[in-house]
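Chemist: Sharing a structure below in structure tokens format, with a few things to ask.
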Amino acid sequence: MRTSEGNGPVNALDRALRDAIGETYPHLRDIELVNFKVRILDEAKGTGAVTRVLLDASDGVDTWGSIGVSENVIEASWEALVDSLEAGMLPSRAENTRLAAEARAGQP
């Protein structure tokens, strides 16, 4: 179980999740959120409207997007965040992240 503070609830969720799994998946520490958009799909329903969250993440080499959809904006954000980190754990992306980190450190 982890808790964290951040610049808003999504940033706090992101920090807590990375803290919880960062030791097991250290390359996730090099992935950053580069864009976050929220769209209300049916404005007429007010606070019961379905929310779509579009999130872009980057490992310094690739950039990819993920989507979360829910009536709850925090749940939609969580879905998009988890999907973006799962995409970052794909073997090819994990290798890209490692190579980018080595290049930043000046290692071969």
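Chemist: For the list (1) touching a helix residue (DSSP H, G or I) at 6+ places or on another chain (Cβ under 6 Å); (2) assigned to a helix (DSSP H, G or I); (3) surrounded by fewer than 14 Cβ atoms within 10 Å (Cβ to Cβ); (4) of a type in the set (Gly, Ala, Ser), I need the number of the one condition that residue 6 fails.
Modeler: Unmet condition: (2).
Chemist: Report every pair of residues separated by at least 6 positions or lying on different chains whose Cβ atoms are under 7 Å apart, first residue within the range 81-93 and more than 24 Å from residue 8 (Cβ to Cβ), second modelled with pLDDT of 85 or more and charged (D, E, K, R).
Modeler: 93/59; 93/62
Chemist: If you don't mind, another one. Only one of (1) of a type outside the set (Asp, Glu); (2) modelled with pLDDT under 90; (3) assigned to a helix (DSSP H, G or I) is not met by residue 16, so which one is it?
Modeler: (2)
Chemist: Further, regarding this structure: Could you go through the range 76-90 and let me know if any residue there is in contact with a Ser or Thr (Cβ under 7 Å, 6 or more places away or on another chain) and surrounded by fewer than 16 Cβ atoms within 10 Å (Cβ to Cβ).
Modeler: So far as the range 76-90 goes, no, none of its residues is in contact with a Ser or Thr (Cβ under 7 Å, 6 or more places away or on another chain) and surrounded by fewer than 16 Cβ atoms within 10 Å (Cβ to Cβ).
Chemist: Now for a separate question. Tell me yes or no: at least one residue of the range 31-51 is touching a Ser or Thr at 6+ places or on another chain (Cβ under 9 Å), modelled with pLDDT under 90 and among the β-branched types (Val, Ile, Thr).
Modeler: Yes - at least one qualifying residue is present in the range 31-51.
Chemist: Name the residue that is modelled with the highest pLDDT, counting only residues in the range 55-76 that are touching a strand residue (DSSP E or B) at 6+ places or on another chain (Cβ under 9 Å), closer than 22 Å to residue 30 by Cα and of a type in the set (D, E, K, R).
Modeler: 56
Chemist: Condition first: surrounded by 17 or more Cβ atoms within 10 Å (Cβ to Cβ) and within 17 Å of residue 55 (Cβ to Cβ). Now tell me which residues in the range 16-30 satisfy that.
Modeler: 17, 18, 28, 30
Chemist: Next up: For the range 38-46, state whether one or more residues are surrounded by 14 or more Cβ atoms within 10 Å (Cβ to Cβ), hydrophobic (A, V, I, L, M, F, W, C) and under 11 Å from the mean Cα position of the chain (by Cα).
Modeler: No, that holds for no residue.
Chemist: Mind checking whether some residue in the range 55-70 is surrounded by 13 or more Cβ atoms within 10 Å (Cβ to Cβ), touching a residue at least 12 places away in the same chain (Cβ under 8 Å) and farther than 25 Å from residue 91 by Cβ?
Modeler: Yes, the conditions are met somewhere in the range 55-70.
The values are calculated or read from the model by the stated rules, or taken from the named source; none is laboratory data. Please read these numbers as outputs of a predicted model, since none were measured by experiment. FYI the Cβ positions are ideal-geometry reconstructions off the backbone, even for glycines, and counts take in every protein chain you see.
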